[in-house]
Amino acid sequence: MSLDVRTVAPSEFPDWMRAVRTGFLTAGGLPSEELVEDRRADVDLSRVQGVFDAGRCVATFRSFAQQLTVVGGATVTADAVTGVTVTPTHRRRGLLSRMMATDLAAAKERGEVVASLIAAEYPIYGRYGFGPAARAAEWEVDVRRAGLDPRRSGQPADGGRIEMVDGADIRKTGPEVHAALAARQPGIVSRGERWWRTHTGVAPRADHETWTEPFSVVHRAANGEVDGLLVYGVDDKWGDSKQPLNTASVRDMIALNPAAERALWHYLCSVDWIATVRSGYRAPDDLLPLLLPDPRAARIITDTDWLWLRMLDVPRALEARTYAVEASLVLDVRDEAGLAGGRFLLDASDSGVRCTPTTRSADLALGVGELSTLYLGDESVRRLVDLGRAEELRAGAATTADAVFRTGRRPWCPDVF
């Protein structure tokens, strides 16, 4: 029997969710009615694809509209890809390729500038024109080595203060703090209302997960405004001689300035009974280690690719961000899918940025995935040339491009989607 690739009907959504659970090895069987109803209310079924074999869903794919902050603080609309699975019995039949082609073509037609995703496996998405654009790092802090004064309570000494709050407070203040961060941090993606409801225990999570209320604090500046928040959980582990060995794991931490960031980390490292702090996924150049008197107390336990991007409209994408220096570059962009390829002149100057199709000789030749990797400023053009993933067609073009694209701080996406 032939496989049927199609948009999922409302009556098929529970089976689609079951296939997602199977693909991600989270649980077998149909999800609860409560979870199905909650998710269905938040999902645009016109962007949900499934592959059906004899009426059973065996592959899944979903996308949704997302705002992505680019260099300079502007946002572009992204086609956020999620829920991608193929049941083990139906692998290697080109099902993902068919669903991906349908979704990207629709995103292009809608006018979305890029596509985005978090890749569970590295080798899959490069062949569809995606490239890793922002990395993530996680630190583990040995609190006893950090060098902080154990006699201090963790309250800042600059007129600010740390306050304990609950989930309702985070739902109220969190979106505003996150929006302020998104106004300037490349790589940040939008969080809708459901994100805040899910992460504060109001909306149900996957029905194999038990919700436990985490600990939450906010940092108020001297003027009383909230400029940082921290949400964390703590395990319950004690040594044989009754010494506390608890680990605090950060679930969310947003700081709008270095003072708030310092205060929040120092607070967490001052809580009684916490011996270890796990930072959650941060930017690879996060300030955390150097905010401690002894930075060696923090060791990286994860350093990985995280946010992947795929350009759908090269001129709009490149015109949306800012650049470090004035320059003109002609980019020959290859795209096997025929969605975003071409030769483009990028002009960056004090008067603005323009990117237009051109017939001029190219300075650099590269695939759309490589250009997507460069987009947020986290990769080196010279390194891509040395790897054979980009071609320098004019002497010195790679050096110029690096000066144009690179940024002082690295991009960061704190969210999974």
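Treating only the Cβ atoms of Lys and Arg (+1) and Asp and Glu (-1) as charged, compute the dipole magnitude of the stretch 17-72 about its Cα centre; round to the nearest 20 debye. Could the numbers behind the result be given before it?
On the way: 7 positive and 7 negative charges, 47 e Å.
With Lys and Arg at +1 and Asp and Glu at -1, about 220 debye.
Cut-off 10 angstrom, C-alpha nodes, Gaussian network model of the chain. Which of GLY154, GLY28, GLY131 fluctuates the most? Of the options given, GLY28 has the highest mean-square fluctuation. With point charges of +1 on the Cβ of Lys and Arg and -1 on the Cβ of Asp and Glu, referenced to the Cα centre of the chain, which listed residue (ALA222, LEU148, GLN67) lies farthest in the positive direction of the dipole? So the residue we want is GLN67. With r defined as the distance between the Cβ atoms of THR304 and ASN257 and R0 fixed at 22 Å, what FRET efficiency is calculated, to the nearest 0.05? The pair THR304/ASN257 has a calculated efficiency of 0.20. Might you report the magnitude of the Cβ-based charge dipole of the chain about its Cα centre, with Lys and Arg at +1 and Asp and Glu at -1, to the nearest 20 debye? Using Cβ point charges on Lys, Arg, Asp and Glu, the chain gives about 480 debye.
Please work out the FRET efficiency for the pair ALA179 and HIS90, using the Cβ-Cβ distance as r and a Förster radius of 45 Å; give the result to the nearest 0.05. The calculated FRET efficiency here is 0.60. Report note on the peptides 295-308, 9-22: ranked by the mean count of other C-beta atoms within 10 Å, highest first, their order is 9-22, 295-308. Towards the positive end of the charge dipole of the stretch 117-239, with charges on Cβ (+1 Lys, Arg; -1 Asp, Glu), say which of GLN185, PRO204, VAL165 has the farthest Cα. Final value for the positive-end residue is GLN185. For the peptides 58-64, 288-294, the ranking by packing is 58-64, 288-294, with the highest mean count of neighbouring Cβ atoms within 10 Å listed first.
Quick one: which residues, 5+ away or cross-chain, put their amide H under 5 Å from the amide H of GLY72? H built at 1.01 Å from N. Under 5 Å from the amide H of GLY72 lie the amide H atoms of THR322, each far enough along the sequence or on another chain.
I need the calculated FRET efficiency for the pair SER32 and THR399, taking r as the beta carbon distance and R₀ as 56 Å, to the nearest 0.05. Calculated value: 0.50. Distant-in-sequence amide contacts of TRP412, defined by a placed amide H-H separation under 5 Å and a gap of 5 or more residues or a different chain, comprise GLY187, ILE188. Only DSSP H runs of four or more residues enter the estimate; each adds -39500 (n - 2.57), and after division by the residues of the chain the mean residue ellipticity at 222 nm equals -7000 deg cm²/dmol. Normalising by the residue count of the chain, find the relative contact order in percent from Cα pairs under 8 Å and 6+ residues apart. Computed value for the chain: 19 percent relative contact order.
The stretch 125-178 and the stretch 356-382 have Cα centres lying 33 Å from one another.
Please calculate how many Å² of accessible area the chain carries per residue, with a 1.4 Å probe and no DNA, RNA or ligand atoms counted.
I get 47 Å² per residue for this part.
Near the amide H of LEU245, within less than 5 Å, lie the amide hydrogens of LYS237, TRP238, GLY239, all on another chain or at least 5 residues away, with H placed in the peptide plane. Only the Cβ atoms of Lys and Arg (+1) and of Asp and Glu (-1) were treated as charged; on that basis the dipole of the stretch 295-363 about its Cα centre amounts to roughly 200 debye. Note on the stretch 8-56: dipole from Cβ charges, positive end direction compared against ALA54, SER32, PHE13; the farthest Cα belongs to ALA54. If you average the alpha carbon positions of the stretch 46-114 and of the stretch 290-309, how far apart do those two centres end up, in angstrom? With the stretch 46-114 and the stretch 290-309 each reduced to a Cα centre, they are spaced 31 Å. Between HIS90, HIS178, HIS199, the residue with the greatest mean-square fluctuation in the GNM of the chain (Cα pairs under 10 Å linked by springs) is HIS90. Where does the Debye-calculated log10 I(q)/I(0) of the chain sit at q = 0.08, 0.12 Å⁻¹, using only Cα point scatterers of equal weight, no solvent? Rounded to two decimals, the profile gives -0.51, -1.08.
Computed extension length for VAL353-VAL5: 121.2 nm, one decimal, from 0.36 nm per residue of separation with the Cα-Cα distance subtracted.
Which of TRP238, TRP273, TRP195 moves most in a GNM of the chain, Cα contacts under 10 Å? Residue with maximal mean-square fluctuation among TRP238, TRP273, TRP195: TRP238.
Bridge orientation summary for the chain: considering DSSP beta bridges with both residues in this region, about 85 percent are antiparallel.
Within the stretch 333-417, the trypsin sites (Lys or Arg not before Pro) that combine a DSSP coil assignment with at most 12 other C-beta atoms in a 10 angstrom radius are ARG360.
Considering the zone a paramagnetic label at ALA41 would reach in this model (a point 7 Å from Cα along the Cα-to-Cβ line), which residues of the stretch 167-198 have amide N under 15 Å from it? In the stretch 167-198, the label zone of ALA41 (backbone N under 15 Å from the point 7 Å along Cα→Cβ) covers 193-198.
The values are calculated or read from the model by the stated rules, or taken from the named source; none is laboratory data. All values reported here derive from a predicted model rather than from experimental measurement. Neighbour counts are summed over all protein chains in view; Cβ atoms, including those assigned to glycine, are modelled from backbone coordinates with ideal geometry. In case anyone asks, the SASA skips ligands and DNA or RNA and just uses the protein heavy atoms, side chains included. Shrake-Rupley method; radii C 1.70, N 1.55, O 1.52, S 1.80 Å.
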